[in-house]
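Here is the structure we will look at.
The values are calculated or read from the model by the stated rules, or taken from the named source; none is laboratory data. Because the structure is a prediction, the values reported are computed rather than measured. Neighbour counts run over all protein chains shown; Cβ positions are idealised from the backbone, glycine included.
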Amino acid sequence: MSDNSILTIQRPLALPPAFFPATTPPTYSRRDFGSAFHWGAACAAYQVEGAWQQQGKGPSIWDEFTRREGAIARGEHARVGTDFFTRYEADLDLAQGLGLTDFRFSAAWARVLPEGTGSINRRGLDFYDRLVDACLERDLRPWLTVYHWDLPLALQQRGGWTNRAAVDWLADYAQVLARRLGDRVGHWLVLNEPMVFVGAGHLLGVHAPGRRSLPAFLAAAHHATLAQAEGGRALRAVLPATARIGTTFSCSYVVPARPGHAGSEAAARRVDALLNRFFAEPALGLGYPTAELPALGWLLRRYHQAGDDQRMQFGFDFWGVQNYTREVVRRAPWLPLLGAALVPAKKRGVPASEMGWEIYPESVYEMLKQYAAYPGAPELVVTESGAAFVDEPRAGRVPDVARRAYLQAAIGQVLRARREGIRVNGYFPWSFTDNFEWAEGYRPRFGLVHVDYETQERIIKDSGRWYGEFLAGAPVEVAPSAAASASAAAPGSS
Ligand code: IFM
């Protein structure tokens, strides 16, 4: 990394206390996490690769969805993305320069199998082969996500996730990757955030494939739950015994808008079951959280077949915890299914990121605690964590003070969890570079590295420079006044 001399750990005193809750350790350094801790950064194929039609790649549901009028902010798309397909070596050079030990990316299913099943596109698979080697050449351990939302369009035309055959499609595709890359990729993640691609894609209609249907949602959810476990088994069958197989969950610490109020508490439990427990508990053999979500009775009657409870179980080596915020929930009896609504950060008047998500770094600690509390829970890894802000380069620098502070606070919360004995063994900021943020387009920037989408020029932001300093051993010193004056933000309106 160049110009280290100007890297100092600044004390962001001007930031609101939410950035540094009083529970943040006031000082810490990389050494506190031990030498085996994984320090990475993450990205996903569709959000960065571009090259949407190159070298035999087939179309994905996102290639189709981004063509729809009004689907994506400002009509943006990811046909070029951050051009990672051609620039991956330069990006990995930056990651190496910052001192990362691990690098997480996904494979584009339609690049490997243009029709989703059947014949392999050798040139597509060759790309991931080169990418894996490029990581290893830079001492970056590759973490490969099998499915990060970009289903081949050909499979959508056969019903996509609503078709039970999707379980086998995913398992077969996972084995194609594992057979070619398993000799060098040691960490595998089956699904990225199933609740998001199932919910936003099939119930809310704001992500590909743009469905708004409760039956489609329930069918897709059940098939994704099966695919999560069967994908794990498919990988296990062909990978070396040393491979670590995980999967990821989107999650948010859920609190009632009116603590102590029975209706509000019950509403929060229902939302927690949907957002945080839905995909984790079946993997442990606990089934779906039907007590809190009676609507799932319909799923069970309609889509669940004999033997599915066993098929939904899998002994993952780790769970990827992906956390950005918390949710404050109020009772909303007029709303079907959940009878609950989220109270937006804006309405609560609390600090929020560009995504409108409350800045609440303690959520990562709370979710680690919640997942670790399951008997039989595997090791945890924070496979995504970060915050989107609008960043403006100034004279060759990107002074993203808020993101840096967020990361410092969130990493501090991971340390807090470790000090309480929680088995969490890695942290991956989302994202390594700015990228295509799905329906929101390019405006929300999450990266440690700024991307100029006109020129594809990269600038390491101050948050990225700080991350490099931290990985090189510099201590974090949380502004004492902020930590001392901080108090947990009030949940807000009911
Ligand atoms: O950009 C996404 C990513 O693809 C999945 N997890 C959440 C991120 C921010 O929204």
Out of Trp188, Trp149, report the one residue that is aromatic (Phe, Trp, Tyr), within 16 Å of Ala237 (Cα to Cα), modelled with pLDDT of 95 or more and crowded, with 23+ Cβ neighbours inside 10 Å. Trp188
For the stretch 226-284, name all the residues that are in contact with a Pro (Cβ under 6 Å, 6 or more places away or on another chain), in a loop (DSSP other than H, G, I, E, B) and within 17 Å of Arg326 (Cα to Cα). Ala257
Name the pairs: first residue in the stretch 238-257 and farther than 17 Å from Val381 by Cβ, second residue polar (S, T, N, Q) and within 16 Å of the ligand (Cβ to nearest atom), Cβ to Cβ under 8 Å, at least 6 apart or on different chains? Ser252/Asn276; Ser252/Asn323; Ser252/Thr325; Ser252/Ser363; Tyr253/Asn323; Tyr253/Ser363; Val254/Asn276
Odd one out for Leu100 among (1) outside any loop (DSSP other than H, G, I, E, B); (2) touching a helix residue (DSSP H, G or I) at 6+ places or on another chain (Cβ under 8 Å); (3) within 25 Å of Tyr427 (Cα to Cα); (4) of a type in the set (A, V, I, L, M, F, W, C): (1)
Candidate set from the stretch 450-460 (those that are on the phi < 0 side of the Ramachandran plot and assigned to a loop (DSSP other than H, G, I, E, B)); member that is nearest to the ligand (Cβ to nearest atom): Tyr453
Single unsatisfied condition, Ala483 versus (1) aliphatic (A, V, I, L, M); (2) modelled with pLDDT under 95; (3) surrounded by fewer than 24 Cβ atoms within 10 Å (Cβ to Cβ); (4) touching a strand residue (DSSP E or B) at 6+ places or on another chain (Cβ under 8 Å): (4)
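Quick grid of which residues meet (1) in a loop (DSSP other than H, G, I, E, B); (2) modelled with pLDDT under 75; (3) within 30 Å of Pro114 (Cα to Cα); (4) within 24 Å of the chain's Cα centre (by Cα):
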| site | (1), (2), (3), (4) |
| --- | --- |
| Ser2 | yes, yes, no, no |
| Gln10 | yes, yes, no, no |
| Ala14 | yes, yes, no, no |
| Ala18 | no, no, no, yes |
| Thr24 | yes, no, no, yes |
| Gly58 | yes, no, yes, no |
Given the residues Ala171, Ala90, which is the only one that is surrounded by fewer than 24 Cβ atoms within 10 Å (Cβ to Cβ) and touching a helix residue (DSSP H, G or I) at 6+ places or on another chain (Cβ under 7 Å)? Ala171
Can you name the residue in the stretch 395-449 that is over 22 Å from Ala45 (Cβ atoms), crowded, with 24+ Cβ neighbours inside 10 Å and among the charged types (D, E, K, R) and is also farthest from the ligand (Cβ to nearest atom) among such residues? Arg404
Helices (runs of 4 or more DSSP H) enclosed by the stretch 128-210 - at least 1 residues per element that are small (Gly, Ala, Ser) and within 15 Å of Glu230 (Cβ to Cβ): 166-181
Return the pair list, or none, for Cβ contacts closer than 7 Å from residues in the stretch 184-200 that are free of Cβ contacts under 8 Å to residues at least 60 places away in the same chain to residues that are part of a loop (DSSP other than H, G, I, E, B) and small (Gly, Ala, Ser), at least 6 apart or on different chains. Gly186/Ala243; Trp188/Ala243
Mind checking which residues of the stretch 358-394 are more than 16 Å from the ligand (Cβ to nearest atom), assigned to a strand (DSSP E or B) and either under 20 Å from Arg277 (Cβ atoms) or among the small types (Gly, Ala, Ser) (or both)? Glu379, Leu380
Look at the stretch 239-294 and say how many of its residues are within 26 Å of Gly426 (Cα to Cα) and of a type in the set (D, E, K, R). 4
For the condition surrounded by fewer than 24 Cβ atoms within 10 Å (Cβ to Cβ), free of Cβ contacts under 8 Å to residues at least 12 places away in the same chain and among the basic types (Lys, Arg), what is the one hit in Arg302, Arg233, Arg212, Arg270? Arg212
Would you check which residues across the stretch 169-194 are within 16 Å of the ligand (Cβ to nearest atom) and not aliphatic (A, V, I, L, M) and list them? Asn192, Glu193, Pro194
